[in-house]
1. How large are Rg and Dmax for region 3-137 when only the alpha carbon atoms are used, in Å?
2. So which lysines pass the test for Lys43, namely a Cα distance under 23 Å, with those fewer than 8 places away in the same chain ruled out?
3. Counting only protein heavy atoms, what percent of the accessible surface of the chain is carbon or sulfur at a 1.4 Å probe?
4. What is the magnitude of the charge dipole of region 3-137 about its Cα centre, with +1 placed on the Cβ of each Lys and Arg, -1 on the Cβ of each Asp and Glu, and no other charges, expressed in debye to the nearest 20?
5. Relative contact order, percent, of region 3-137 when contacts are C-alpha pairs under 8 Å separated by at least 6 residues?
6. For Lys38, what is the net charge nearby, where nearby means another residue's Cβ is under 15 Å from its Cβ and Lys, Arg count +1, Asp, Glu -1?
7. Would you mind pulling out the separation of the Cα centroids of region 61-116 and region 1-35, in Å?
8. Less than 15 Å Cβ to Cβ from Ala96, Lys/Arg counted +1 and Asp/Glu -1: what total charge do the surrounding residues give?
Amino acid sequence: MKISHIEHIGIAVKNLDESIKFYEGKLGLKCYAVEEVKDQKVKTAFFMVGQTKIELLESTEPDGPIGKFIERKGEGLHHIAFAVEDLRNALDEVEALGVELIDKVPRKGAENMDIAFLHPKSTNGILTELCENPELNDE
Ligand code: ZN
């Protein structure tokens, strides 16, 4: 598998609007997109930092994955996402190496990315996402 860069860092927050204010007002970053991902019960906000994005995640329902995460651990770093060229192959490859997968096949995430999560049991406790931008491969 070839990882090209850190695509984004996901941060669980209780209040998206308040957090956007922090990132814009105090860190001087600009939120360029807010998007709800119904499937994941989250609202996301994106900031570009060089080649990498910050993805803020607020749960839209208490029983969603982010809601449960915050209940257990509080706000904070939720996941790290690596950009790969061929997600399907990358998943097969790491699975063959004994990595436990949460998603055995890619699904759709925010920004129309194809995404899949690796289980934190296999990744030193950090929920790890592999993602591929399908638009880059259509040409
Ligand atoms: Zn993500």
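1. Spelled out, the Cα radius of gyration and Dmax of region 3-137 are 14.6, 45 Å.
2. Lys14, Lys21, Lys26, Lys30, Lys53, Lys68, Lys73, Lys108
3. The value for the chain is 52 percent carbon and sulfur by accessible area.
4. Roughly 480 debye for region 3-137.
5. Across region 3-137, relative contact order equals 25 percent.
6. Details: positive: Lys41, Lys43, Arg107, Lys108; negative: Glu35, Glu36, Asp39, Glu58, Glu61, Asp63, Glu111.
Result for the neighbourhood of Lys38: -3.
7. 17 Å
8. -3
The values are calculated or read from the model by the stated rules, or taken from the named source; none is laboratory data. Given the structure is predicted, the values throughout are model-derived calculations rather than measurements. For neighbour counting, all protein chains shown are included, and Cβ atoms are generated from backbone atoms with ideal geometry for every residue, glycine included. Note: accessible area is taken over every heavy atom of the protein model, side chains too, but ligands, DNA and RNA are not part of it. Shrake-Rupley method; radii C 1.70, N 1.55, O 1.52, S 1.80 Å.
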